[in-house]
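One structure is given below, encoded as structure tokens.
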Amino acid sequence: MSIVDQQPTLIRTADQPTAVVRERVPMANLTDFFGRAFGAVMAATQAQNASPTGPPFAMYHGMPTDTVDVEAGFPVTPGFSAAGEVISGLLPASDAIEAVHKGPYDTLERTYALILERMSAEGMTPSDTMWEFYLSDPGQEPDPDKWQTRVVWPIL
């Protein structure tokens, strides 16, 4: 079961520095990539005394097919420097539609569909970049029906 915890809402995001690992990943390998990327980013930020300023996230570049161009990591305090595979990035300031998805990750397409419906109804053009904040830690909350994911999809 999955539900949209909040109807899609128009928001304005602010620039947010990030520390990420970016790769083109087969969709079937996303979970493994996220585990590796989040671990690498935490180690790199701790080594620089940088602090995460929010939950883990993934930013998708372009529409996913069998593979996806994705960066995964954390928003961080300004001043993080690249270290190995971990690079500095940015969640850009933009107008966006957001919604909070409640349920397993494999049902997120329903929330994306609702966001697209809102954009279409209002004549908005979606960006080819979108991101997800993972508000629930599957290690702490084993029930996927309780997981929450904040989806942010900028508009052009």
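Brief remarks follow.
Rundown of residues vs (1) open to solvent by less than 70 Å² (accessible area, probe 1.4 Å); (2) touching a Leu at 6+ places or on another chain (Cβ under 9 Å); (3) assigned to a helix (DSSP H, G or I); (4) modelled with pLDDT of 95 or more, yes/no style:
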position	(1), (2), (3), (4)
ALA113	yes, no, yes, no
PRO142	no, no, no, no
VAL151	yes, yes, no, yes
PRO154	yes, no, no, yes
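- Of all residues making up segment 115-138, the number that are under 19 Å from THR31 (Cα atoms), open to solvent by 70 Å² or more (accessible area, probe 1.4 Å) and of a type outside the set (Asp, Glu): 1
- Search result, residues across segment 93-147 that are within 16 Å of PHE34 (Cβ to Cβ) and among the hydroxyl-bearing types (Ser, Thr, Tyr): TYR105, TYR134, SER136
- Condition check for THR107: touching a Ser or Thr at 6+ places or on another chain (Cβ under 9 Å), in a helix (DSSP H, G or I) and hydroxyl-bearing (Ser, Thr, Tyr): yes
The values are calculated or read from the model by the stated rules, or taken from the named source; none is laboratory data. Quick caveat, the model's predicted, so the values are computed rather than measured. Because the Cβ atoms are built from the backbone with ideal geometry, glycine has one as well, and the counts that use them run over all protein chains shown. Protein only, heavy atoms only, side chains kept; ligands, DNA and RNA dropped before computing areas. Shrake-Rupley method; radii C 1.70, N 1.55, O 1.52, S 1.80 Å.
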